[in-house]
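Okay, so here's the structure we're looking at.
Read the figures in this text as sums done on the coordinates, not as results from a lab. Predicted model, so just to flag it, every value in this text is computed and none were measured. When we count neighbours, we look across all protein chains shown, and the Cβ atoms used for this are built from the backbone with ideal geometry, even at glycine.
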Amino acid sequence: MTEKTENHESFEDIPGELIANLKTLFDTDSMVPGSIDDAIIAEADRYLVRRRRFKALRWMAPVAAAASMTIIILSLLSDKDTAIRNDPKTSIPTIENITILDAFRVARIIRAGECGKKEWDANHDGTIDQADVHELVTAAVRL
Amino acid sequence: MTRHDPRSDESLIEAMNNGDTRAFEVLYHRYRDWVYRLACRFTGDDEEALDVLQETFAYFLRKFPGFTLTAKLTTFLYPAIKNRAMDRIRIKKRYMSGEKIFETIGKPPDTRPNSLEGLASLLHCLPPGQYEVLIMRFVDEMKLDEIAAALNIPLGTVKSRLHNALKTLRTDERTRAYFEKNIQHTAEGNG
């Protein structure tokens with residue numbers, strides 16, 4: 001504690017003339033030329049602009065990749081969906097892949113009085129009727 | 001305009017992290033002379049000091065984006081300037097060991113006014129650690145905690161080095177007069 005106080009006092013108690021002379025010893029008349037200023041600032045401009053572009057690209061790349069992936073996946077799903085609907089053998093996809101559009105499709109077929117296929121019997125009661133449409137709607141909503 | 005920007009160093013660094021080139025210019029002009037003076041002292045050569053100045057700011061720049069200021073900027077810049085100056089001296093004086101370079105780095109120039117001869121010769125005699133802390137405190141006007149952070153040593157070590165350096169200045173015949181005059185002025189002022 002005593003030492004700390006002594007130290008503190010001694011640091012404050014420095015003659016101004018000594019400090020001035022210390023500074024004089026290390027004074028330099030030379031100045032930084034304007035060309036050096038310009039070179040350093042120009043380099044900084046180039047560097048920071050480059051980093052800013054890189055930063056923007058860093059964000060854009062994953063976004064672009066994600067967008068591309070989304071487009072590819074949507075395109076594949078759309079192809080798959082179309083293929084299922086256009087396939088006369090299956091007409092209705094499996095219950096796991098059912099959508100509300102499939103339920104509408106079956107409902108329209110029943111209303112038109114057309115003959116239902118075996119795989120449309122969603123509730124497995126042996127007949128294709130409105131109850132199967134309800135079953136398909138429930139499955140589609142649940143999915 | 002650039003030189004009198006009222007923003008703090010922290011704000012300017014934040015702006016630089018966002019790619020603001022103007023912010024760098026402000027910081028450059030704020031610290032250029034300080035960096036150059038220090039580089040001149042360490043290298044003892046104006047031309048070498050200009051190279052150190054450029055390398056120091058290039059090093060500072062490479063920290064962006066993502067730089068966070070945890071202390072004062074002078075605390076960050078001081079070791080950068082010193083290391084770059086030492087590298088330059090090493091290249092020039094390949095025969096000299098690292099320890100020897102540390103002992104000679106930043107010593108007062110050989111050409112000086114006669115009135116300062118005694119002070120300069122005493123500074124040459126001080127241990128490098130004490131000398132460095134003394135100059136950082138009274139020439140570079142750094143606070144004790146900033147010196148500790150810049151040199152990466154405990155605050156207590158800074159205090160003891162400074163205490164010992166001042167003790168030598170007080171007792172050595174080459175510099176004792178400064179303190180005796182100071183005591184006389186104080187006594188007259190009180191009387």
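Quick notes on this structure:
- Debye log10 I(q)/I(0) at q = 0.11 Å⁻¹ for segment B:1-84, Cα point scatterers: -0.28
- Three-way shape call for segment A:100-140 based on the alpha-carbon gyration tensor, with the a/c threshold at 1.5: oblate
- Legend: mean number of C-beta atoms from other chains within 10 angstrom of residue C-beta atoms, peptide A:45-52, equals 5.
- Between the listed residues A:A42, A:L25, A:W59, the Cα displaced farthest toward the positive end of the dipole of segment A:16-59, a dipole computed from Cβ unit charges relative to the Cα centre, is found at A:W59.
- Assigned charges on the beta-carbon of Lys, Arg, Asp, Glu; segment A:100-140 dipole about Cα centre (debye): 200 debye
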